[in-house]
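Trainee: Can you read through this structure? Questions will come right after.
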Amino acid sequence: MSLSTTSLQKSYGASRALNGVSISAVSGRVHGLVGANGAGKSTLVKVLSGAIRPDGGSVTIGGWTGSALTPRLAQHLGVATIYQDPGLAPTLGIAENILLGREHARFGTILATGSQMSDVKDCLDHVGLKKPLRTPAGALSPADQQLLEIAKAVYRRAGTVIMDEPTAALGDADRHRLFEVVQRMRAAGVAIIYVSHHLQEVIDLCDDVTVMRGGEVVLHTSTNATVVDDLVTAMIGHSIPPRQVEARALGEVALSCRAVTQAAGLQDITFEVREGEILGISGLVGSGRSRLARVIFGIEPFEAGTMTLYGRPYRPRSPRQAVGRGVGLVPEDRKRDALLMFLSAGKNITLPKIPVRHLGWIRLRTETRIAKKWITELGIHPPNSRTPPIAMSGGNQQKLVIARWIQAGSRLLILDEPGQGVDVGARDQILTAVRAAARAGTAVILISQEVEELQQIADRVLVMRKGRIVGEIAQDEISEETVIPLAMGSVQQTSGKGDQG
């Protein structure tokens, strides 16, 4: 089944989210959709899923044409939307999630027929999800939750599947599993719209690609006829010059970890990071890299080993103690763990260091001045300190969190996947801000599974696997060929240019 749009229009006040958008997705082909944060992709997906109505234009799905789509009608027409954060019932089992809304009832009890359960098993086999049917959806890994969402679409015989950032939280192995499922769906004649910030992934997986900028379609082409640089230029209006890791004078040791061990997943972690240094940490999902960040920030305790911060013993029992010692954390899940989504940008930025008068009154003018300074420096959009994060794109939300810790004067800044769910232009701005913080003497720990990101910014990289540091790679040796084999355990430990920890 094919899906197309004609001259879609959608405005929010004076802001035009969609301006004459026309695209088409054809049966048996994967159509990539890319653009910077705020380009209009999310609005387009919401129109196609029936979540919002356009102000003008039309949508054609199979033999139906109109603009008054609702979620129920979109599903009836065979459209399934799979979001970055799966919309599953976490306490229900796998089979119950697939059958939700399509069960049979007898004597007041919801039941599934034998034929339904047989169909469920066939769908799970099709997507390669091999878990017991009663496994709660909330107990599944992010990759398996994505596969469960796809199994739901297969069960409902969706002719068009929209996938919105499906690999944002997945490691390389899980990405390849997902790609195989997408390719099987394409072979079965499903029309797929694939939204992603991973441009090489789009070129490798998709047949066609549409680039949006400022609510408009600025490029439509076959992926065989384009390269990543072409997409970047179309997305942001100019190319991004290659950057070289700059030489910085390093100061004293900021953080030193010695044999830090945590029964839940860290073993004998030993390293140090200095003032002005950007230390990269990489590894597959589950390698312990995010757990290490939580330990340093006082979210989780450690049982053995020692840490020192600027030469003084450091064992934070809470994030409050860590912040009091000058440590900031940009967590992997900014919406859940960092931002107050309905408070203003200004209050989010100044949260760790609220300007107050005597008797606790907040200096509102000072708060606004500080917020405006960082909104301007990091290019946060909309450039209004009163705008809440809920009204911002993912890239601008990420910049808000980074602004929070830089303005707070953090001496040690930990960033966990700062480029996740962020377009290439916003990522460049974020890395520029991180470099500036390092030049000012901040010690930076940057956690990322994106080797290209580490190549652009890290002075050296530690690779983790199964809770251990399994190797150190010097800046001029950072590549997929050196990082990935260590992360996967296919080579033995390497010392790079020598252990600095």
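The values are calculated or read from the model by the stated rules, or taken from the named source; none is laboratory data. Because the structure is a prediction, the values reported are computed rather than measured. Note that each Cβ is placed from the backbone with ideal geometry, even for glycine, and that neighbours are counted across all protein chains shown. Accessible surface is based on the protein model in full, side chains and every heavy atom, while ligands, DNA and RNA are left aside. Shrake-Rupley method; radii C 1.70, N 1.55, O 1.52, S 1.80 Å.
Trainee: Looking at the stretch 267-299, which of the residues that are farther than 22 Å from Ala458 by Cα and over 26 Å from the mean Cα position of the chain (by Cα) is least open to solvent (accessible area, probe 1.4 Å)?
Mentor: Just the residues of the stretch 267-299 that are farther than 22 Å from Ala458 by Cα, to begin with: 267-268, 298-299.
Subset that is over 26 Å from the mean Cα position of the chain (by Cα): 267-268.
Values: Gln267: 67, Asp268: 86 Å².
Among those residues, the one meeting the criterion is Gln267.
Trainee: So which residues in the stretch 172-201 are part of a helix (DSSP H, G or I) and not aliphatic (A, V, I, L, M)? Talk me through it step by step, then tell me what you get.
Mentor: The first filter runs over the stretch 172-201 and keeps only residues part of a helix (DSSP H, G or I), leaving 172-187, 199-201.
Answer for the stretch 172-201, where residues must be part of a helix (DSSP H, G or I) and not aliphatic (A, V, I, L, M): Asp172, Asp174, Arg175, His176, Arg177, Phe179, Glu180, Gln183, Arg184, Arg186, Gln200, Glu201.
Trainee: Does the stretch 320-334 include one or more residues that are assigned to a loop (DSSP other than H, G, I, E, B), among the basic types (Lys, Arg), over 23 Å from the mean Cα position of the chain (by Cα) and within 28 Å of Glu252 (Cβ to Cβ)? Reasoning before the result, please.
Mentor: Taking the stretch 320-334 and keeping what is assigned to a loop (DSSP other than H, G, I, E, B), we get 325-326, 331-333.
Right, trim to among the basic types (Lys, Arg) and you get 325.
Adding the requirement that they be over 23 Å from the mean Cα position of the chain (by Cα) leaves 325.
Now restrict to residues that are within 28 Å of Glu252 (Cβ to Cβ): 325.
Within the stretch 320-334, one or more residues are assigned to a loop (DSSP other than H, G, I, E, B), among the basic types (Lys, Arg), over 23 Å from the mean Cα position of the chain (by Cα) and within 28 Å of Glu252 (Cβ to Cβ).
Trainee: Among the residues of the stretch 300-343, how many are surrounded by 15 or more Cβ atoms within 10 Å (Cβ to Cβ), out of contact with any strand residue (DSSP E or B) (no Cβ under 8 Å at 6 or more places or on another chain) and at pLDDT 90 or above?
Mentor: Number satisfying all stated conditions: 1.
Trainee: Do any strands (runs of 3 or more DSSP E) lying entirely in the stretch 1-79 carry at least 3 residues that are at negative phi and hydrophobic (A, V, I, L, M, F, W, C), and which ones are they?
Mentor: Numbers: elements: 3-12, 15-21, 30-35, 56-61, 64-66.
Strands (runs of 3 or more DSSP E) meeting the threshold: 15-21, 30-35.
Trainee: Take the residues of the stretch 13-24 that are out of contact with any Leu (no Cβ under 6 Å at 6 or more places or on another chain) and farther than 13 Å from Ser2 by Cβ: which is most open to solvent (accessible area, probe 1.4 Å)? Even if it seems obvious, please write down each step before you answer.
Mentor: First, the residues of the stretch 13-24 that are out of contact with any Leu (no Cβ under 6 Å at 6 or more places or on another chain): 13-17, 19-20, 22-24.
From what is left, the residues that are farther than 13 Å from Ser2 by Cβ are 13-17, 19-20, 22.
Values: Gly13: 77, Ala14: 113, Ser15: 70, Arg16: 129, Ala17: 17, Asn19: 47, Gly20: 32, Ser22: 58 Å².
Filtering first and then ranking leaves Arg16.
Trainee: Additional query: Search the stretch 287-302 for residues that are farther than 19 Å from Val470 by Cα and in contact (Cβ under 8 Å) with a residue 60 or more places away in the chain and pair each with any residue that is β-branched (Val, Ile, Thr) and assigned to a helix (DSSP H, G or I) when their beta-carbon atoms are under 9 Å apart and the residues are at least 6 apart or on different chains.
Mentor: Phe297/Val323
Trainee: Name every residue in the stretch 166-204 that is in contact with a strand residue (DSSP E or B) (Cβ under 6 Å, 6 or more places away or on another chain) and open to solvent by 10 Å² or more (accessible area, probe 1.4 Å), in order of residue number.
Mentor: Once the filter is applied, which keeps residues that are in contact with a strand residue (DSSP E or B) (Cβ under 6 Å, 6 or more places away or on another chain) and open to solvent by 10 Å² or more (accessible area, probe 1.4 Å), the stretch 166-204 yields Arg186, Val190.
Trainee: Among the listed residues Ser27, Ser58, Ser67, Ser42, which satisfies the condition of being of a type in the set (S, T, N, Q), modelled with pLDDT under 90, over 27 Å from Ile236 (Cβ atoms) and open to solvent by 10 Å² or more (accessible area, probe 1.4 Å)?
Mentor: Numbers: Ser27 fails: modelled with pLDDT under 90; Ser58 fails: modelled with pLDDT under 90; Ser42 fails: over 27 Å from Ile236 (Cβ atoms).
Selected residue: Ser67, the only one of Ser27, Ser58, Ser67, Ser42 that is of a type in the set (S, T, N, Q), modelled with pLDDT under 90, over 27 Å from Ile236 (Cβ atoms) and open to solvent by 10 Å² or more (accessible area, probe 1.4 Å).
Trainee: Let me ask you something else. Within the set of pairs 6+ apart or on separate chains, which have a first residue in the stretch 118-146 that is at negative phi, a second that is among the polar types (S, T, N, Q) and part of a helix (DSSP H, G or I), and C-beta atoms under 7 Å apart?
Mentor: Short answer, once both residue conditions are applied: Ala137/Asn97; Ala137/Gln145.
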